[in-house]
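Down below is the structure, laid out as C-alpha cells.
The values are calculated or read from the model by the stated rules, or taken from the named source; none is laboratory data. As the structure is a prediction and not an experimental result, all values here were calculated from the model. Cβ placement follows ideal geometry from the backbone for every residue including glycine, while neighbour counts extend to all protein chains displayed. Protein only, heavy atoms only, side chains kept; ligands, DNA and RNA dropped before computing areas. Shrake-Rupley method; radii C 1.70, N 1.55, O 1.52, S 1.80 Å.
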Amino acid sequence: MMNRTKQYINGEWIDSDSGETIDVINPATEEVFGKIAKGNKADVDKAVQAAKDVYLKFRHTPVKERQAMLGRIVEGYKARKQDLIDVMTLELGSPVTKSDKVHYETGVTHFQAAYDALETFEFEERRGENLVVKEAIGVTGLVTPWNFPTNQTSLKLAAAFAAGAPVVLKPSEMTPFAAVILAEIFDEAGVPKGVFNLVNGDGEGVGTPLSQHPDIRMMSFTGSGGTGSKIMEQASKDFKKVSLELGGKSPFIILDDADLDEAAQAAVAKVVNNTGQVCTAGTRTLVPESLKDAFLKKAVEAMTRVKVGDPQSPETEVGPIVSEKQYKQVQTYIQKGIDEGATLIHGGLGKPDGLDKGYFVKPTIFADVDNHMTIAQEEIFGPVMSVITYKDLDEAIQIANDTKYGLAGYVYGKDQDVLKRLAREIEAGTIVINEAPRTPDLPFGGYKQSGLGREWGDYGIEEFLEVKAIAGFYR
Ligand code: NAD
C-alpha cells in the first residue's frame with residue numbers, strides 16, 4: 001500500500017491538520033492501492049503563510065540562480081524516471097509505454113523549456129530614462145487535474161519557479177502520487193523552503209480555501225469549466241489574477257486530397273490517446289461528404305487495431321478511464337449519441353470483451369453526426385470519435401468554429417494553401433498542420449470557453465509576472 005499522508009509545507013513533510021485520508025484507486029483493478037492526506041483550510045493557511053514568508057526574497061533571486069535550480073530539477077526528475085512511470089501507470093491507468101514516452105517526457109520537457117527560456121528572457125527593458133521591470137506576481141495557487149499528472153503540474157511549476165513565484169500546489173486527489181515524487185525531487189534539488197508547498201486533498205477541502213485565501217495573488221487552474229468558473233468567482237472577491245486551461249471539442253479536418261489510410265490512422269490516434277482523456281483531443285472528425293464511406297472503412301480498421309487492456313503490458317495502447325465516475329460519464333455520452341440519432345459504427349456501450357474488471361471502455365466511432373448533437377458539442381473525455389461531413393471549405397470552417405470551445409484544431413491534407421487558410425480561420429489557441437510536432441516553446445491555451453491566458457515556455461513565465469514602470473530610473 002502506498003501511504004503518503006503528509007503534506008509538504010515549508011520544506012518539511014508534516015501531518016495534515018485534518019487527520020483524514022483519501023483512498024487512491026487503481027482504475028485497471030478498481031482496488032485501493034494508496035492513501036493521501038485529505039487536507040483542509042488549516043493546511044492551506046500554513047502553506048500560504050510559508051510561501052508568503054519567502055515571496056519577496058524568491059522574487060529577487062538572481063535569474064541565474066533560478067535557472068540553476070531548474071537545471072537541478074531536470075537532473076532530479078530524470079533520476080526518478082522509473083518511479084514516475086510506475087506511479088502514473090498505477091494511478092492513471094496509463095499504459096507503461098505511454099507513462100514513459102508521453103507522461104514522463106512531457107514533465108521534464110517543461111522544466112527544460114523554462115530553463116532554456118531563461119537564457120534569453122528579458123525581465124527588464126529600458127525606455128529612454130525609464131525602466132520597465134517584470135517581477136513575480138507573488139504567492140500562487142496551482143490546482144491541477146488527473147489526466148496528465150506530471151505534465152499539468154510541471155508546466156505550471158516550471159513557469160512559476162522561472163518567474164520567481166512561490167506556489168501552493170493542489171494536484172488531483174485521483175492522481176496525487178506523481179506530485180509527491182515531484183516534491184521529493186524539489187526537496188533534493190534545494191528548492192528554498194516555502195517556495196514549493198504541496199497540499200493534497202479534494203476540491204472543496206483544499207481548492208476552495210486556496211482560491212479564497214487573501215494572500216494568494218494568482219490562481220492557475222487546469223480542469224473542467226465548472227470548476228474553473230467557481231475558482232474565478234472565488235478569486236474575483238479580491239481580484240486575484242486567474243489563469244484557466246479548460247476543456248475542448250477540437251476539430252480534426254481532413255481535406256479531399258489527403259491519403260486516407262494515413263488520415264484515418266492520425267484521426268483515430270487523436271481520439272484514443274490517453275484513453276481520450278485529453279483536453280486537446282481532436283474528437284470532431286470532419287471529412288468531405290464525397291469521402292465519407294471510404295474514410296469510415298479506414299477509421300474502423302484503424303480503431304480495430306487499437307489494443308485496449310492491462311496498462312502494465314507493453315503491448316497495450318489504451319488503458320482504462322481514470323475513475324468510475326468518468327467511466328459512467330463516457331457511457332452516458334455514448335447513450336446520448338445513440339438516442340440523438342448518430343450511427344454507431346464501432347464500439348459502443350459496455351466494456352470490451354474480457355475486461356470486466358477495471359474502468360475500460362470500447363473505443364467508439366459515430367457516423368452521421370450533426371454538429372449540434374451533444375456528442376459533437378460536449379467534452380466526452382473518452383475515446384469516442386464523432387464523424388461529421390462537410391460539403392466545401394466554407395462549411396468545414398463554419399462547423400469547426402461552431403462550438404463554445406477553442407483549444408485546438410487539426411488540419412490534414414496536401415494543399416498547402418488550403419491548410420494555411422484553415423489554420424488561420426479556425427478559432428483556437430493551437431493549430432496543428434499534418435501532425436507537426438508541437439514544441440514546448442510554443443504558447444498553449446484556449447480561445448472562448450477553453451480558458452484564459454497562455455502556458456508553456458516564455459509565454460507561461462509571462463503569466464506569473466507583474467509589470468512595474470519606474471519613471472526616472474536612468475535620470
Ligand atoms: P475538476 O475540474 O472537477 O477537477 C480538477 C481539479 O480541481 C482537481 O484537483 C479538483 O480537486 C479541483 N477542484 C474541484 N472542485 C474545486 C473547487 N470548487 N475549487 C477549487 N478546486 C476544485 O475536473 P474532474 O472532476 O477531475 O474532471 C471532470 C471533467 O473535467 C472531465 O470529464 C473533463 O471534461 C474535464 N477535464 C478537463 C481537463 C483539461 O485538461 N482541460 C482535465 C481534466 C478534466
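Some notes on this structure:
- Linear extension gain, Asp238 paired with Val133, 0.36 nm per residue minus alpha-carbon span: 35.4 nm
- Per-residue 3J(HN,Hα) values for region 68-78, derived from phi via the Karplus relation 6.51 cos²θ - 1.76 cosθ + 1.60 with θ = phi - 60°, read 4, 4, 4, x, 5, 5, 4, 5, x, 5, 5 Hz in sequence order (x marks Gly and Pro).
- Per DSSP, loop GluC sites (Glu not before Pro) in region 122-154 with at most 12 further Cβ within 10 Å: Glu122, Glu129
- Panel note: the C-alpha atoms of region 241-282, placed on their principal axes, show extents of 45, 21, 10 Å (largest first).
- Accessible heavy-atom area order of Glu31, Glu173, highest first, probe of 1.4 Å: Glu31, Glu173
- Shape annotation for region 174-271: C-alpha extents along the principal axes are 56, 37, 21 Å, from largest to smallest.
- Subset of Lys270/Lys404; Lys52/Lys249; Lys297/Lys404; Lys101/Lys420; Lys101/Lys249 violating a 32 Å alpha-carbon distance limit: Lys52/Lys249
- In Å², nearest 10: area of Met373 left accessible to a 1.4 Å probe: 20
- Amide hydrogen proximity for Ser16: with H placed 1.01 Å from N in the peptide plane, the residues at 5 or more positions away or on another chain lying under 5 Å are Gln7.
- Converting phi to 3J(HN,Hα) with the Karplus coefficients 6.51, -1.76 and 1.60 and the offset θ = phi - 60°, region 86-103 yields 4, 6, 6, 5, 6, 7, 9, x, 6, x, 3, 5, 6, 4, 7, 6, 9, 5 Hz in sequence order, with x at every glycine or proline.
- Pair Ser224, Glu427: separation of 7 Å Cα→Cβ label points (nm): 2.5
- Entry note, region 56-215: relative contact order of 28 percent, from Cα contacts under 8 Å with a spacing of 6+ residues.
- Counting only alpha carbon atoms, the long axis of helix 105-120 and the longest principal axis of the chain meet at about 50°.
- Placing unit charges on the Cβ atoms only, positive for Lys and Arg and negative for Asp and Glu, gives region 251-439 a dipole magnitude near 580 debye about its Cα centre.
- Extents of region 251-439, taken as max minus min of Cα coordinates on every principal axis and listed largest first, are 49, 36, 31 Å.
- Gain upon complete extension [Val63, Lys357; 0.36 nm per residue less C-alpha separation]: 100.8 nm
- Whole-number D in µm² s⁻¹ for region 333-391, Kirkwood Cα-pair radius fed into Stokes-Einstein, 4 °C, 1.567 mPa s: 109
- Computed from Cα positions, the angle between helix 41-59 and the longest principal axis of the chain comes to roughly 70 degrees.
- Taking amide H as placed 1.01 Å from N in the peptide plane, Met385 has its amide H under 5 Å from the amide H of Thr364, Ile365, Phe366, each at least 5 places away in sequence or on another chain.
- Using a cutoff of 8 angstrom between alpha carbon atoms and counting only pairs six or more residues apart, the relative contact order for region 251-439 works out to 27 percent.
- GluC sites (Glu not before Pro) lying in DSSP loop within region 244-324, provided at most 12 other Cβ fall within 10 Å: Glu315
- Calculated accessible area for the chain comes out at 40 Å² per residue, all protein chains present (probe 1.4 Å; ligands, DNA, RNA ignored).
- Among the chymotrypsin sites (Phe, Trp or Tyr not before Pro) within region 173-243, those in coil by DSSP and having at most 11 neighbouring Cβ atoms inside 10 Å are Phe239.
- Excluding same-chain neighbours fewer than eight residues apart, the lysines reachable from Lys134 by a Cα-Cα span under 17 Å are Lys57, Lys64, Lys241, Lys468.
- Share of carbon and sulfur in the accessible area of the chain stands at 49%, probe radius 1.4 Å.
- For the chain, size of Cβ-based charge dipole, Lys and Arg +1, Asp and Glu -1, in debye: 1020
- In the chain, the ratio of gyration radius to Kirkwood radius, Rg to Rh, stands at 0.98 when only Cα atoms are counted.
- Cα lying deepest toward the dipole's positive end in region 249-290, options Ala264, Cys279, Ser290, charges on Cβ: Cys279
- Altogether, the Stokes-Einstein calculation at 4 °C and 1.567 mPa s, with the Kirkwood radius of region 175-216 over Cα pairs as Rh, returns a diffusion coefficient of 111 µm²/s.
- Computed over every Cα-Cα pair of region 1-54 and binned at 5 Å starting from 0, the pair-distance distribution P(r) comes out as 5, 21, 23, 19, 13, 10, 6, 3, 1 percent.
- Basic side chains Lys and Arg get +1 at the Cβ, acidic Asp and Glu get -1 at the Cβ, and with that the dipole of region 61-129 about its Cα centre reaches some 180 debye.
- The calculated FRET efficiency for Glu119 paired with Glu30, based on their beta-carbon distance and R0 = 60 Å, is about 0.80.
- Normalising the average separation of contacting C-alpha pairs (under 8 angstrom, six or more residues apart) by the number of residues puts the relative contact order of the chain at 19 percent.
- You can think of it this way: the chain between Gln416 and Glu262 has 53.7 nm of extra reach, that is 0.36 nm per residue less the Cα-Cα gap.
- Surface calculation, 1.4 Å probe, protein heavy atoms: Trp456 sits at approximately 40 Å² accessible.
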